[in-house]
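Here's the structure we're looking at; comments come further down.
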Amino acid sequence: MRPLLLAILAFLGASASSEAAVLIVTPTEPSGTADVALLAKHPFVKAKEPVFPPQEQRTLRDLGSPLLATSMKLTLADESAVQEIRDFAKNRGLKLAIDVNSLPVRLPAYPDAEHDALEEKQWPIRNDGRSQFIFIDELSSAELPGKAGEDLQLDFAPAEPLPGTVPPVIVAVLDTGIDAEHPDLKSRIVKKAAECEALQNYKSCLLKGDKRTCDKTWAKFDSDGNGYPLDCSGWNLTVGKNPLTGILGNTNTADQVGHGTHVSGLIAAARNARGIRGVSQNVALLPVKVVSAAPKAPLRPQSASELEQDLPPIPDPVENGKSWQLGFSDLIARGLLYAIRSNARIINLSLAWPKSADSLLMRKMVELAQARGILVVAAAGNDATESQVMPCSYSGVICVASHGPDGTISSFSNFGAGVDLAAPGSAVLSTWPVSVPGLTPLRFVERVGYDYKNGTSMASPLVAGTLARLLAAGFPSDEAYARLLLGARARPNRDADAKPTRFGNADLAGSFRVQEQSLILPESKDAISLTWDRQSETFPIRVPFRNFWKGAARVDIEARIAAPAGQAALDVTRWNFEQWLPGERKEIESVIRIFDPRITSELTIDLTISPAGQPARTFSVKGQISVIITPSFDAKAGSDVKVSRILNGKVPETALIRTVIPAGNATGQPLEAADAARDYVAIQKSPKEWVFQLLTRDTATGRSDDFTIRAVRSLPSEHGDLLNLYRLDWNRDGADDYVWLYSLPITPGQKNAAFRFLFLDQNLTIQKTLDYTAETAILPEGFQWLGLSSGFTPAWVGVGGTPSLEKKPYDPWDPNPRDPLYLRFYYFAADGLRTLNTSDDTVLVAALAPSVAQKSAGEIPVLLAKGESYRREYFTAVIKETRPGSGPEITDVVTLSMKRYRMLIGADSVIPVSSLAPSPDPMGTAFTSPGVRGALRTVFLMRGTQTAGYSSFDSTQSSASPTDTVMRVAGLFASSARAAAFTQTQYDLLYHDLGSNEFVSTSMHRFSYLSQLAFVRSFVPAVVGDGTGGRLPGVLVFGDLTGIDSSEVIVPEYGTDGKLLGLTQPARLRLVPGTGCQRVRNPIDADQNAPTQLLFFCGDHFVTIPLTFAP
């Protein structure tokens, strides 16, 4: 794999740390108010202030939310301190919800469609069965088959009341704004005549009058008393606070992006014979701008109950105290508040955020909307996964997936037990801004102002428009909610089981036909958290339900574990309830009994609900089994679990534990024997200094499994972000020493990343410092340590220029000599950065994966090439110092025999091949590059004997779907019996058994708002024990990006006949650190004694858990 660059990490870290970070802290229990005060005293907290001013606090207490009223906003020096605060709260067991107050948001990347029609081509309105086409890339598109009638069924629903005969339904669109000048939308946008006139008078006054007089006369004009002066047509929350009114935002809701205009047209575009038509003509669109240009996150929806006039007042919008930072949570919460105060009846949220960014503040605002009868609709997401996003998984939220013109779920759409229903979302034509120069449609060229888009962002507003039709017909909001779901049309059979949702496809005519009845649903759409200790045969489960419509005299509920088959069952499977009232909540309890210790971590539980006199309905809920690692977790949880204690001293509760990676020694003897060679450091951070405690194996007493604190040292925090820690005899004095690698902060005007190596002795005293600014060549994350007689030094193969020490003297006849960038071998000599010369016709291709012996001795294997084009030959070699003081040389050159020509220079990535044999050495190195039709081609160079050298073979990994693409390799594995590859497509994790050429896949649970770098880092190759002494390829998935600090393993299952059955995620290997414990970064690599192992630190001891599929 081409190494992920440390320079990128340094740049990202420096960019993030240059801005202050803000947390919102809310007690989860009454006693947590004291915890808020304690956390506010942490040295990393620079400022604190209440989230809500006194008036809003009183209102929230009156609304029954006293804990929310005590929320505190904490300002930190930078984002690097966020995790420190989280760890402090977790280790102290503080009863708090901590929410990050900022999250970059972006609109999802849609595979745009290409059509050439207006209303007659709006298949969501009237589907005649014609195929549609979606754009895949600049050269290709995919045909989507059609099926007549797979639309919203508007033609078969009762006619709408004529506009003006009933009050319009106010639909708040929380998005990028709306183009108010679009001919299809101009008459549909809320206009408050008095405030529009006042706003115009204010603008005119400012042009020709005294500003103070204008401000006094007009700036606070608020005719409707909603607290937002001059809000003629909506509100813009993407700007700062108005100093005159103390309110965040202004009246400019113009759409500079296009997304909000596209969404709005689907809801309510006017039937004016000009362009398209929206679902409802009795809608007043309320623009609420919460996303500005170039946002960075997907888009989603929600629901509620009937408006009640006697509800307590809601918070007012006045911002007292200091100005708020404009974080994602702030904007959406205040957008909801504006919609509530503006009497919206429906809120469309084609927006979303991951669980890691969820916020109590956001949940409470949604609950306030629901309590007042406001229906909230959100999009399910465009990541082709069952994993849920916020606010889609909130109780009562209407979560909308996308279906295509044949009625099946769109290839990109999220689905599953947390998604309520689907609506058209592929190749959808709608309005596009006409007032923004340069913002032109990409796919539709017949006329200005319209374009095609794909996504659940398009499906959500179509449901919002459907709900508006029901409300305009006189149905109260709770009934409209029930009718929408119960009236949904069943999807085609071929799709119902593959990509399920709670109900079918939105159908307005079906919603009108529904007879009054009860609607009893599992209340939560989140997966049910189940805790297992890996030994017990049973654990409890509870499922809450709620009746969303008419009462039922009797309700029978039956439950069964539908998947995995045969691994577990419920002890109690039937329940009976009498007199289930509207809005009432009830709960069932049972016990899950495990039959197979290899049980998967994800359960599917089918719940059949049978109200008296109604058809039975079956819903699925997900259960997620986790093993919680706590300080009391010990060897009883499995005979393979090892506990290692600290024999002297104490590690602070808030210290972060980091791995010290063994890298090289004086004798060249192998260092790595599983975890036995690893040291660790406990780091206690403060703004001015970091205190390091070095934890090493206790060899003096013979208790080699336990640790002692060998050294304690304080180092200034000015060194920057700590990237990695290494143990190696860097000065060749025969004793273990250490090197800390930092990325230095980026200074103003600095173009290149900068790094610092601190060379320390065995007592962690700094002996020397090496600073490097990546001007000549980028320092890759996977650099190696070159062993010289003077000591070990960083070295790598990478593209770059000539180091300054090797440049020719200044020549006045050639003042600016050309310095071509090409692949070179770089290393730090005593006098600075240098390169190793190769012969004129030989080029370096890449560094290969070293054996443990080579790594320990500081020898670096490389691949060389000679010749051009199809006459190119490849050679393997080793770079090392053969004579003391002579410097590095290219030695042990062996010709590489390849059956067919392959271009390995410039490969996309260079990846080590992990060994499935009991060995710490990699089996070889692989080179990947793009193939045809979205495939990935991989060339394996397999390590041979000293005399035989390397052998090679290739394979191609392809996606099962023509609209999907293989993006990267997540792990490569080999032994004498098996070779395998894990690859990531755009949506799935694909496993390829290279021997049998069999493929299986599973969802990657990817979220498009995660950066590519962060996402890649959450998948790590792992060697998994099969419980019988054998080993299997696996992928270790870290889930902290989704809000849960979990780790789980995906591993293939084979039948007794050796046939590949599928992929599984063993429950016993889904490990979550509990209070008082933390997961230690850097899994312990497999070796001759054990498979890959995970390590947790729990206050005064380590817990080591091998990744073994079965006990």
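Straight-line cross-link reach from LYS685 at under 26 Å between alpha-carbon atoms covers these lysines, not counting any fewer than eight positions away in the same chain: LYS41, LYS46, LYS48, LYS73, LYS90, LYS95, LYS650, LYS768. The label point for ASP155 and the one for ALA830, both projected 7 Å from the Cα toward the Cβ, are 8.8 nm apart.
Quick check: from the Cα gyration tensor, does the stretch 642-775 come out rounded (a/c under 1.5), prolate or oblate? Oblate is the answer for the stretch 642-775, as a/c is 1.5 or above yet b/c matches or exceeds a/b.
For the stretch 520-629, the percent of C-alpha pairs falling in each 5 Å distance bin, counted from 0 to the bin holding the largest distance, reads 2, 11, 23, 23, 16, 11, 7, 4, 1, 0. Amide H contacts of SER714: PHE692, each under 5 Å away and 5 or more positions distant or on a separate chain (H built 1.01 Å from N in the peptide plane; Pro and chain starts excluded).
FRET efficiency for the GLU587 to ARG645 pair, using the beta carbon distance and R₀ = 45 Å, is estimated at 0.60. Each peptide in 834-846, 776-788 receives the mean, over its residues, of other Cβ atoms within 10 Å, and ordering these scores from highest gives 776-788, 834-846. Across the stretch 1053-1111, counting alpha-carbon atoms alone, Rg and Dmax equal 14.4, 46 Å.
Over the stretch 520-629, Cα pairs under 8 Å with separation of 6+ residues give a relative contact order of 35 percent. For LYS586, a cut-off of 16 angstrom between C-alpha atoms picks up these lysines, skipping any fewer than 8 places away in its own chain: LYS525, LYS550.
Spread over its residues, the convex hull of the C-alpha atoms of the chain is 200 Å³ per residue.
The slack in the chain from SER31 to SER886, taken as 0.36 nm per residue of separation less the alpha-carbon distance, amounts to 301.0 nm. All C-alpha pair distances within the stretch 904-1111, sorted into 5 Å bins from zero, spread as 1, 7, 15, 19, 20, 17, 11, 6, 3, 1, 0 percent across the bins.
Computed over the alpha carbons of the stretch 449-606, Rg followed by Dmax gives 19.2, 63 Å.
The phi-based Karplus calculation (6.51 cos²θ - 1.76 cosθ + 1.60; θ = phi - 60°) puts the 3J(HN,Hα) values of the stretch 822-827 at 8, 5, 9, 9, 9, 7 Hz, whole numbers, x for Gly and Pro.
Under 5 Å between amide hydrogens, built in the peptide plane, is the criterion, and for ALA753 it picks out ALA774 among residues at least 5 positions away or on other chains. A protection proxy built from the mean count of other Cβ atoms within 10 Å ranks the segments 393-402, 534-543, most packed first, as 393-402, 534-543. FRET efficiency for the pair VAL445 and ASP571, taken as 1/(1 + (r/R0)^6) with r the Cβ-Cβ distance and R0 = 56 Å, rounds to 0.35. Neighbour counting of Cβ atoms within 10 Å sorts the residues CYS232, CYS1077, fewest neighbours leading, into CYS232, CYS1077. The peptide list 856-866, 760-770, 236-246, put in order of mean Cβ contacts within 10 Å with the highest first, becomes 856-866, 236-246, 760-770. Here LYS216 is the anchor, and the lysines within straight C-alpha reach of less than 28 Å, apart from those fewer than 8 places off in the same chain, are LYS191, LYS192, LYS203, LYS208, LYS241, LYS289, LYS322.
Other residues within the sphere of radius under 13 Å centred on the Cβ of LEU230, judged by their own Cβ, net out at -2 (K and R +1, D and E -1).
Charged side chains reduced to their Cβ positions (Lys and Arg at +1, Asp and Glu at -1) give the chain a dipole of some 860 debye around its Cα centre. Modelled this way, with points 7 Å down the Cα-to-C-beta line, the labels at SER961 and LEU244 are 5.1 nm from one another.
Taking 0.36 nm per residue of separation and subtracting the current Cα-Cα distance, fully stretching the chain between ASN752 and SER632 would add 38.5 nm. Remark on VAL862: its backbone amide H falls under 5 Å from those of LEU848, ALA877, VAL878, ILE879, a criterion applied only to residues 5 or more positions apart or on other chains, H modelled at 1.01 Å from N. Each residue, ARG92 and ASN763, gets one label point 7 Å from its Cα in the Cβ direction; the gap between the two is 3.4 nm. Along the stretch 1051-1067 the Karplus relation, 6.51 cos²θ - 1.76 cosθ + 1.60 evaluated at θ = phi - 60°, assigns HN-Hα couplings of 9, x, 10, 10, x, 5, 8, x, 7, 6, 9, x, 10, 9, 10, x, 5 Hz to successive residues, with x for each Gly and Pro.
Bear in mind these aren't lab numbers, they're just calculated from the coordinates by the rules spelled out. These numbers come from a predicted model, not from an experiment. Virtual Cβ from ideal backbone geometry, glycine too; neighbours counted across all protein chains shown.
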